[in-house]
1. Show me the helices (runs of 4 or more DSSP H) found entirely inside segment 306-412 where at least 1 residues are among the aromatic types (Phe, Trp, Tyr).
2. Going residue by residue through segment 110-127, is there one that turns out to be within 16 Å of ligand 3 (Cβ to nearest atom), more than 15 Å from Leu15 (Cα to Cα), open to solvent by less than 10 Å² (accessible area, probe 1.4 Å) and modelled with pLDDT of 95 or more?
3. Return the residues of segment 374-389 that are open to solvent by 10 Å² or more (accessible area, probe 1.4 Å) and away from ligand 3 (no atom under 14 Å from the Cβ); say none if nothing qualifies.
4. Taking Gly161, is it modelled with pLDDT of 95 or more, out of contact with any Phe, Trp or Tyr (no Cβ under 9 Å at 6 or more places or on another chain), open to solvent by 10 Å² or more (accessible area, probe 1.4 Å) and on the phi > 0 side of the Ramachandran plot?
5. Wholly within segment 151-233, which strands (runs of 3 or more DSSP E) include no fewer than the required count, namely at least 3 residues that are more than 30 Å from Arg412 (Cα to Cα)?
6. Answer with yes or no whether Asp366 is acidic (Asp, Glu) and surrounded by fewer than 20 Cβ atoms within 10 Å (Cβ to Cβ).
Amino acid sequence: MGIETAISESRLWTLLMELARYGATPNGGVNRQALSSAELGARRYMIAWAKERNFGVTTDGIGNIFVRRNGTDNSLAPVLTGSHLDSQPTGGKFDGSYGVAASMEILAALDELGISTRRPIEVVSWTNEEGCRFFPACIGSGVFAGAFSLDSVLPLMDPDGIKLGDALAATMKGMDLDAAVRPASKPHCYIEAHIEQGPLLELANIPIGVVTGFQGGCRIKVEVTGQEGHSGTTPRRTRKDALFSAVEIISALKQVAQDQDDILRFTVGRFEVFPGSPNTVPGRVVFVIDMRHPDNTVLRSKADEVQQVAMASAGSCSVDVMEMSYRPPSGFQPAVIDAIRQSAAALGVTHLEMTSGAGHDAVQLDKICPTGMIFIPCWRGLSHNEAESITPEASAIGARVLARTVVVLADR
Ligand code: GLV
Ligand code: MN
Ligand code: MN
């Protein structure tokens, strides 16, 4: 009997709802930022789930969690599948959790049917995918794939001045897995299931997206410096108001962001005014631009244009523009995406080939092993929003395609 027959919609949904309790917000979403106590709750749930079922659980230096179901030949590299448990501050219940829970459901289904695979299967939850508490995003998968060294990320600080290394130490202690270190071996391949986070699948009424690659993205930090002064006494002509300059800059940047075909994605999602007192003229403003485009030439030239426009629009203040990160567009190697297409076809499920607008841990894994992603539709394409929603049925269809793909690859 095929593994897909044992994927249980209700068991998977229960798992998703259990995970959603950690960091639950009153508006129905989650605030489970990386290495927080809320995220630790979800980690501990995953670990307890694995131990109850006698799966091996290990971690590594950056706190990624690996739940392992042995194969018949454990000298072979494992098939790795999963996603992340951290969230945005006003995140939804499914971004990341869906891929972790669907992968856990596969292990439960394999046990239920007593199916042995040739290769081991490991379910992973990556540390700090979101990049909102600690920048950059995808730190856990990046360290795993060798894109960053562990030592280089430990001193990173969150907006409250807490070091990643300290938050990680607290999480490691709470996970109680210190002795269980995963050997640093390359996976055979990596497959990540995720909600689409955009509207295309829902609009086309297609249950599965086969991701062929990623658009590029960059983050640019703009720091405007003026001069603090008394709000009641400083005349307009002598003010150096950093907020007024920042608003001018953003107005000018709106023109840069205006592309006719609406492909460029331009966001200012963090904007800080200092000292943040109602009766002091703002002396400093820091804001961060997140910009994405599937064509590297366009992305590069827009990033350069942002720099020029920001410098030219600062008025009486000075401005510093820093490119924090730049990731060109990339495509997956064919091996895993072919297997996903074939699994969908074998299950009689239609699919849409698509480029991911969001970044994912799979971008990092693709550097070290064949990688692929499966998308499922989400309500109105909403994500990074507490109202983010999927149906139990859609979640089960995605898990069935994932399960078949994982088993096929684990038997190779
Ligand atoms: C990940 O959530 C991203 O910002 O693309
Ligand atoms: Mn995600
Ligand atoms: Mn996200």
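1. Result: empty, no element qualifies.
2. Within segment 110-127 (the criterion being within 16 Å of ligand 3 (Cβ to nearest atom), more than 15 Å from Leu15 (Cα to Cα), open to solvent by less than 10 Å² (accessible area, probe 1.4 Å) and modelled with pLDDT of 95 or more), the answer is yes, since at least one residue qualifies.
3. Scanning segment 374-389 gives Pro377, Trp379, Arg380, Ala387, Ser389.
4. Values: modelled with pLDDT of 95 or more: yes; out of contact with any Phe, Trp or Tyr (no Cβ under 9 Å at 6 or more places or on another chain): yes; open to solvent by 10 Å² or more (accessible area, probe 1.4 Å): yes; on the phi > 0 side of the Ramachandran plot: yes.
Taking the combined requirement at face value, the residue satisfies it.
5. In segment 151-233, 216-225 are the strands (runs of 3 or more DSSP E) which contain 3 or more residues that are more than 30 Å from Arg412 (Cα to Cα).
6. Numbers: acidic (Asp, Glu): yes; surrounded by fewer than 20 Cβ atoms within 10 Å (Cβ to Cβ): no.
In short, no.
Yes/no per residue for (1) surrounded by 21 or more Cβ atoms within 10 Å (Cβ to Cβ); (2) closer than 24 Å to Gly161 by Cα; (3) without any contact (Cβ under 8 Å) to a residue 60 or more places away in the chain:
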position	(1), (2), (3)
Leu15	yes, no, no
Glu18	no, no, yes
Arg32	yes, yes, yes
Tyr45	no, no, yes
Phe66	yes, no, no
Ser75	no, no, yes
Lys93	yes, no, no
Ser103	yes, no, no
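Residue-by-condition table, conditions (1) within 33 Å of the chain's Cα centre (by Cα); (2) open to solvent by 50 Å² or more (accessible area, probe 1.4 Å):
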position: Arg236; (1), (2): no, yes
position: Ala242; (1), (2): yes, no
position: Ala246; (1), (2): yes, no
position: Leu253; (1), (2): yes, no
position: Asp261; (1), (2): yes, yes
position: Thr267; (1), (2): yes, yes
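The values are calculated or read from the model by the stated rules, or taken from the named source; none is laboratory data. Predicted, not measured: the structure shown is a model, and the values here were computed from it. Note: ideal-geometry Cβ built from the backbone for every residue, glycine included; neighbour counts use all protein chains shown. Ligands, DNA and RNA are excluded from the accessible area calculation, which covers all protein heavy atoms including side chains. Shrake-Rupley method; radii C 1.70, N 1.55, O 1.52, S 1.80 Å.
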